[in-house]
Amino acid sequence: MSNSKPEGSENILIKEVSADTITLIVSGVEHKINYQLPELKALMKSQNVTNITYENKVYNIGHINEANFGVVISNKVFNSVLTRELILLLKDNKRPGSFLNSLPPGDKDDWESKRQSLKEAQGILEDSFVWVIGWELRRLFSIGNDRQKKMETKIDEYINHCFSTYRISLQLINYLFISQLWDEKIKNKNIDTDKVPIRNFFSSNRALKLAELRRLLQALLEIFRNNQLSYPINENDLGDINEFIRPESKFNRACAELERLEALGSGNETYGLGHCHTAEISLTAILAGFKFFTIYQLVTLKKIEYEEARHHAARYIKDLSILETKKIKNLLRYLKYDNTPAETYSVFFRNKNKSVNLFPFVLDYNALMNELDFQIFFYECSESESGLRYFSIQSENDEIISYTATPPTESMEVTSEEQKNEVQRNIRLDLVIRQFEDAMNTILGTTFCFKPKASELYADNLSNL
Amino acid sequence: MQKIYPFKFLDSYQREDKDFFFGRNEEIESLYQMIFQTKILLIYGTSGTGKTSLIQCGLANKFHTYDWLALPVRRGSNLISSLDKVLCDASDDVFIYTEQKESFIKDLTVKIEAVYKASFKPVYLIFDQFEELYVLGTKAEQELFVEAVKEILLVEEPVKVILSIREEYLGNLFEFEKKVPQLLRKKLRVEAMSLDKVTQVLKGINNFKLSNVRFRTDELDPITQGIFDRIKGKKKTLFIELPYLQVFLDKLYFETTKDASHQAEALITTEVLNRIGDIGDVLRNFLEEQVKCISRDLSINNKNVSTETIWKILSPFCSLEGTKEPVSKQELANRLPDMDKRLLDEVVDAFVNSRIVNYTENENLYELAHDALALNIAAKRSDEDIAILEVQRLIESQVAVQDEGREFFTERQLLFIEPYLEKFKPNDEERNWIAESRANVQYKKGLEKRKQREELVKTRKRLRTVYSLLSAALIALLIAGYFWLESNSEKEKAKKAEQLAMIQKDSAVLAKEVADKALKKVNEQIAIISKQIAIISKKDFDNLKKRTEPITDAGGCPNEILEQMDSIAATHPDSLIMKYDIQSIREKCPQ
């Protein structure tokens, strides 16, 4: 980008802005600095200049703060950096590659500023990531593309969804490692897993903050590395785990930046466009670090039926749903017939080579309720000693699953279909609690037991969905 | 901050009315829970229970704007075209709507994808007043719509279908459910307003800080009960209808403030309520008041515009079944050919100003503000008005069918149609079809006569054949009778012969038994002789048996043996060997 206004010594001219740098003309000499307001202010102070020119507009640096920094010096639309960088990251994949190759030559450098190209790329990105990340990206795109939304609302929603996309990414990778660790610990009780971040994960009665979730990831990675455990994700896909551990890595710097922004909001600071821009850039770096989320999918096992006839081998009929869209095969839900049992209500994170069951940390709530379609719940924290709090990805509401201690009996008289459905529901929800309890006790070496919620035995407490 | 008038009169609540939409929390929560469990959801209830408000305000506000793209679809003149238009308009110029000759939606899946990609929001297709498809739509349109829904439910992008229908028309969904079995899996019935819900509404309004209407707090309960009782009237019911409540609250406000612009602040008390007294049917009264006002106002500039004229002009806004029917001014003119067009325009504008009718700009259609008004308008119709509507319905439904499938009117239908043809203005196509139907009836009559004549000839021929056959049959019967008698006597003879044969058979059996006994005796005697001969000499006996020549030399044969041989020969003349040899022995044997 260049500016046609003549150079002058009374103010500094911004020649070009990129994702990371600003190119300025100062007294006829070109300077490049990092895209950071403090650096710009320092440069202007050193030149004893108060005005800065950009795109034929003159600004007084004293009126620029972090909130409006982005809108002053950037004419990029929401999500342009996120979209562009992620598409380029995935350029070796079929659809992103095809998209980039099909761009007219004149648009190749600036396609993200063209509405149709931007939307097409965003559609590709939404489909490229594992469903929960794709769903959050969809929200970011929706917020950013909404021309009718008031700007204050847009900024607020956008930045909060940068936080939630980051949070969900961290949670997902943490669940993967925790699930795998649970299995590894059963095989080898000597693995030292009693770490503070892991203890907090299981026993905290509030949702972990972003920084705590990141520390948990680092603790888990260290356990896996130190004990040479098998990773839940292919190591080639995971990349260099030091990137997630070293504080000065690009990934951790981006995480720290987002966490800092989140803390600002908690301190009642009003967010501005500049904050959104920073959040977008940070999230881009984080998702680049989690690139492996593009080569896995989430599959829920809604139901298993069992059939056996006389003199015939038994078989299991598994009702599976793939959450990601498959443009080519259009395979979203299918039945699988085989003779091996499986863990019911599983939510698999899988590809051709790996498969990890994330239950009970990730649930398909509709499968537990014997309903169609799917609703994905992410574990958040404990709810006293009688339940667990989950976060619904679709409704963005917290839901509590309470332990009812429905007694397991060999047989039970059923007087109505409603009674049967209710008992079955409570048994399934109790299974969530007991599996969680089992995971916790195995990993931490504790003997904790959930207690039934005394006032509502045998009742389903989910009334605020 | 400026205060807001919280009552919506007969309009439905929209997303922005969230702050003063009360009394439906349970229904909203149920809907919200269900929407995550299905791709198609049905909401039903009687007219005026607030189904539209529940979706457009209640459910909508449970979602953030980035999770909710509501696309309301009304039937208009055709539900398929309307859906197509809505999708094209929401596709961010990827598709431009043009009226299609084909009645299906081209590239439906691609259009939905384009709508989704335009905003990245889950799409909710809301088919409000869905009963219009069955009240005003053709069978072909209904079938095409079902096919479209089947296709929509297979789309991978997040899209859901919400159908809102009056419960009187639930039965019409039978065929739909056969093809889309999940149609009725998730549904919600919206009930009329109970006293409890009315209380929630009034309390909510009272607590709403920006409301310019307040109820005296210490009188809230008696005011609520008073409103409920007045609307309920003498009916033995625990519910009142929402539009009646809305109209009555508006009336209460006006009684308090006399401000039609709804700017003034109002404090509603039991005293104001008591001033109103009994209200009868509040909606009917409102309608009649408005009709009177319009009649009076228009009569100033025009010749006497009677209330009957106003009711007549209102009638086309209501279908035969008493549901609202959107019409354009042109259609109105066609249905009321005798009315002055200028007067029609003025009356319609007056309807809009008095909030009886709403105007939809993008479709250029006028529609009653609420279904509940339609019932009252329908009740005002004369028998002739109803007959005219029935005739119109009959003609439209037939002419709407494609040429290949269209049926002519029957003679009976034509007789019904004829007297009313001049009372409305059928279009050219309809007139032509009526004329063709008449011709068809004449043609069929001619055909029928010819057929009858042919039938008569055939019948006579048949009769002649029958008579001939009968005669032949009679003769055959006589012959058969004769032969039957003959065969009977033969049978008797045969029977006797059989009996004789039986007797002979018995005799033969007896004779056989006697012979068997004799044979047995002979054999016994032979056995004795044989034994005796054996005593002589087995060898001699064997030699005797083998002999074929008489014995010439008995030499040494004892007499007693010879005597025994004699006796055997006497009693067993067939015993040839013995006889033969005995004779020889006797002849040769010295005494």
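Of the trypsin sites (Lys or Arg not before Pro) in the range A:348-436, which ones lie in a loop per DSSP and count no more than 11 other C-beta atoms within 10 Å?
Working: sites: A:350, A:352, A:354, A:389, A:420, A:425, A:428, A:434; in loops: A:352, A:354.
Here the sparse-neighbourhood loop sites are A:352.
Longer than 25 Å from Cα to Cα, which of B:324/B:380; B:203/B:380; A:336/B:39 are they? Say none if no pair is.
Working: B:324/B:380 14 Å; B:203/B:380 37 Å; A:336/B:39 23 Å.
Violating the 25 Å limit, Cα to Cα: B:203/B:380.
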Set of lysines with alpha-carbon distance to residue B:139 below 19 Å, sequence-local pairs under 8 removed: B:101, B:150, B:178, B:179
Using a probe radius of 1.4 Å on heavy atoms only, what accessible surface per residue do you get for the range B:119-242? Whole Å² is fine. 43 Å²
Across the range B:61-73, in residue order, what do the Karplus-derived ³J(HN,Hα) couplings come to in whole Hz, using 6.51 cos²θ - 1.76 cosθ + 1.60 with θ = phi - 60° and x for Gly and Pro? 7, 7, 10, 6, 5, 7, 10, 8, 10, 8, 10, x, 10
Cα atoms only: what Rg and Dmax, in Å, come out for chain B? 54.0, 178
Between the modelled labels at residue B:261 and residue A:413 (7 Å from Cα along Cα→Cβ) the distance in nm is 7.3 nm
Once the other residues with Cβ under 12 Å from the Cβ of residue B:141 are scored (Lys, Arg +1; Asp, Glu -1), what is the net sum? -1
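Once R0 is set to 22 Å, what does the formula 1/(1 + (r/R0)^6) return for the Cβ-Cβ distance between residue B:306 and residue B:383, expressed as a FRET efficiency to the nearest 0.05? Intermediate results must be reported in sequence, preceding the final value.
Working: r = 19 Å, r/R0 = 0.87.
For R0 = 22 Å, the calculated efficiency reads 0.70.
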Tilt relative to chain A, helix A:37-46 - C-alpha long axis, 0 to 90 degrees, to 10: 20 degrees
Computed on Cα atoms only, the convex hull of the range A:382-453 has an orientation-averaged projected area in nm² of 6.3 nm²
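Normalised by the number of residues in chain A, what is the relative contact order in percent for Cα pairs under 8 Å and 6+ residues apart? Let's see the in-between values first.
Working: 678 pairs, mean separation 55.2, N = 465.
That works out to 12 percent.
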Between residue A:268 and residue A:205, what FRET efficiency comes out of the Förster formula 1/(1 + (r/R0)^6) with R0 = 30 Å and r the beta carbon distance, rounded to 0.05? 0.75
XL table B:197/B:235; A:318/B:62; B:312/B:423; A:453/B:197; Cα-Cα > 24 Å flagged, in table order, is A:318/B:62; A:453/B:197
For the range B:200-323, what relative contact order do you get, as a whole percent, if you take Cα pairs closer than 8 Å and at least 6 residues apart? 23 percent
Segment residue B:443-residue B:139, extension gain: residue separation times 0.36 nm, minus the distance between their alpha carbons: 106.6 nm
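Give the shape of the range A:80-294 as rounded, prolate or oblate, defined through the alpha-carbon gyration tensor: a ≥ b ≥ c are the square roots of its eigenvalues, a/c under 1.5 means rounded, and otherwise the shape is prolate if a/b is larger than b/c and oblate if not. Present the calculation step by step, with values, prior to reporting the outcome.
Working: a/c = 2.47, a/b = 1.48, b/c = 1.67.
Oblate, since a/c reaches 1.5 and b/c is not below a/b.
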Given points 7 Å out from each Cα along the Cα-Cβ axis, report the residue B:450 to residue A:227 separation in nanometres with one decimal. 9.8 nm
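Would the range A:11-54 count as rounded, prolate or oblate if I go by the C-alpha gyration tensor, calling it rounded below 1.5 in a/c and otherwise prolate when a/b exceeds b/c, oblate otherwise?
On the way: a/c = 1.77, a/b = 1.26, b/c = 1.41.
Verdict is oblate for the range A:11-54.
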On a full-extension model of 0.36 nm per residue, what is the gain between residue A:192 and residue A:319, subtracting their alpha-carbon distance, rounded to one decimal in nm? 42.0 nm
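Compute the FRET efficiency between residue B:469 and residue B:107 as 1/(1 + (r/R0)^6), taking r as their Cβ-Cβ distance and R0 = 56 Å, and round to the nearest 0.05. Can you show the working numbers first?
On the way: r = 69 Å, r/R0 = 1.24.
Once the sixth-power term is evaluated, E becomes 0.20.
Local charge sum around residue A:360 (other residues, Cβ-Cβ under 10 Å, Lys/Arg +1, Asp/Glu -1)?
Working: positive: A:434; negative: A:437, A:438.
Surrounding charge for residue A:360 is -1.
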Each residue of the range B:43-55 in turn: what ³J(HN,Hα) in whole Hz from Karplus with 6.51, -1.76, 1.60 and θ = phi - 60°, glycine and Pro shown as x? 10, 9, x, 5, 5, x, 8, x, 5, 4, 5, 4, 7
Burial-style ranking of B:18-26, B:366-374, B:92-100, B:168-176, average other-beta-carbon count within 10 Å with highest first, yields B:366-374, B:18-26, B:168-176, B:92-100
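Heavy atoms only, 1.4 Å probe, whole protein assembly: order B:356, B:503 by accessible area, highest first. Each step should come with its number before you reach the end.
Numbers: B:356 0, B:503 100 Å².
The most accessible residue leads, giving B:503, B:356.
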Under 28 Å between alpha carbons, and skipping anything fewer than 8 positions from residue B:520 in its own chain: which lysines qualify? B:505, B:512, B:531, B:538, B:539, B:545, B:546, B:579
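If you average 1/r across every pair of different Cα atoms in the protein assembly as shown and take the reciprocal, what Kirkwood value do you get, in Å? Kindly include the intermediate steps, with their values, before the conclusion.
On the way: mean 1/r = 0.0261 Å⁻¹.
One over the average 1/r among Cα pairs gives 38.3 Å for the protein assembly as shown.
Given a cut-off of under 8 Å on Cα pairs at least six residues apart, what relative contact order in percent is computed for the range A:11-54?
Result for the range A:11-54 is 42 percent.
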Buried by at least 50 Å² relative to the chain on its own: which residues of the range A:340-384 qualify, computing accessible area with a 1.4 Å probe on protein heavy atoms? A:371, A:372, A:373
Each residue of the range B:430-435 in turn: what ³J(HN,Hα) in whole Hz from Karplus with 6.51, -1.76, 1.60 and θ = phi - 60°, glycine and Pro shown as x? 5, 4, 4, 5, 5, 4
Calculate, axis by axis, the spread of Cα positions in the range B:352-492 along the three principal axes, and write the results as whole Å, longest axis first. 110, 36, 30
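Please grab the % of Cα pairs in chain A that end up more than 35 Å from each other. Walk me through the numbers on the way to the answer.
Working: 43639 of 107880 pairs.
Considering chain A, 40 percent of its Cα-Cα pairs are separated by more than 35 Å.
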Using only Cα atoms, find the angle between the long axis of helix A:80-89 and the longest principal axis of chain A, and express it within 0 to 90 degrees, rounded to the nearest 10. 70 degrees
Accessible area that becomes buried as B packs against A, both chains, 1.4 Å probe, Å², nearest 100: 2500 Å²
To the nearest 10 degrees, how steeply does helix B:195-207 sit against the main Cα axis of chain B, on a 0 to 90 scale? 40 degrees
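The values are calculated or read from the model by the stated rules, or taken from the named source; none is laboratory data. Since this is a predicted model, take the numbers as computed values, not measurements. Neighbour counts run over all protein chains shown; Cβ positions are idealised from the backbone, glycine included. In case anyone asks, the SASA skips ligands and DNA or RNA and just uses the protein heavy atoms, side chains included. Shrake-Rupley method; radii C 1.70, N 1.55, O 1.52, S 1.80 Å.
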